[in-house]
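Working notes for the structure below.
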Amino acid sequence: MSQFACIRLEDEAATAAIAGQIAARLGPGDTLLLEGPIGAGKTTFARALIRARLGRPQEDVPSPTFTLVQTYEADGVEIWHCDLYRLTDSQQIFELGLEDAFATAICLIEWPDRLGPDLPADALICCFEAGTGHHDLTLCGSDTWQARLEAMHD
């Protein structure tokens, strides 16, 4: 795993733009691990990515804080938006069906540390940090992810 991008997100429009660029490059079996403290922009990013993938910028995308998982269908691919903050045991991911989703869906995982040793091997790690008046997004992953995403700014 290597860090290959650090992006300053000045506002929600900038977050939506980056999320849309990443959304266009995702397919079945892709997992994004959304790391960072509360308020760092994880849910805002996930909502923007889902809306971009659905092609519906006004879509209501509720936070899965209490349901743990929200699913969507986009172009024949399921999108799983998961907020694992309330999980107390990594074994609970099996009850959610997340293990199967890792193989067949696009998975957006908030609080991925709750997965314990069950992190998908080739996930894209999206680290969010809140700054004063902006957020920072650092992307880390394999060389494959770097190659897939390097054309984002072209």
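Readers should treat all values here as calculations from the given coordinates under stated rules, not as data from a laboratory. Quantities reported herein were computed from a predicted structural model and do not represent experimental measurements. With ideal geometry, Cβ positions are generated from the backbone for all residues, glycine too; neighbour counts draw on all protein chains shown.
Relative to the longest principal axis of the Cα atoms of the chain, the long axis of helix 12-23 lies at roughly 60 degrees. With r as the distance between the Cβ atoms of GLU99 and ARG25 and R0 = 22 Å, compute the FRET efficiency 1/(1 + (r/R0)^6) and round to 0.05. In this case the efficiency is close to 0.40. Sorting 28-35, 129-136 by average packing, meaning the other beta carbons within 10 Å per residue, from highest down gives 28-35, 129-136.
Put simply, the amide H of ARG56, placed in the peptide plane, has no neighbours under 5 Å, leaving out anything fewer than 5 places away on its chain. Full extension of the chain between THR65 and THR132 gives 21.6 nm of extra length, using 0.36 nm per residue less the Cα-Cα distance.
Put simply, the Cα atoms of region 74-154 extend 41, 34, 24 Å along their principal axes, the longest span coming first.
Tell me the angle of helix 42-54 to the major Cα principal axis of the chain, expressed in degrees between 0 and 90 and rounded to the nearest ten. The two axes meet at around 90 degrees.
From the P(r) of the chain, could you give the percentage of C-alpha pairs in the tail past 20 Å?
Summing the P(r) tail past 20 Å for the chain gives 45 percent.
Quick one: ILE79, ILE125, fewest Cβ neighbours within 10 Å first, how do they rank?
In increasing order of surrounding Cβ atoms, one gets ILE125, ILE79.
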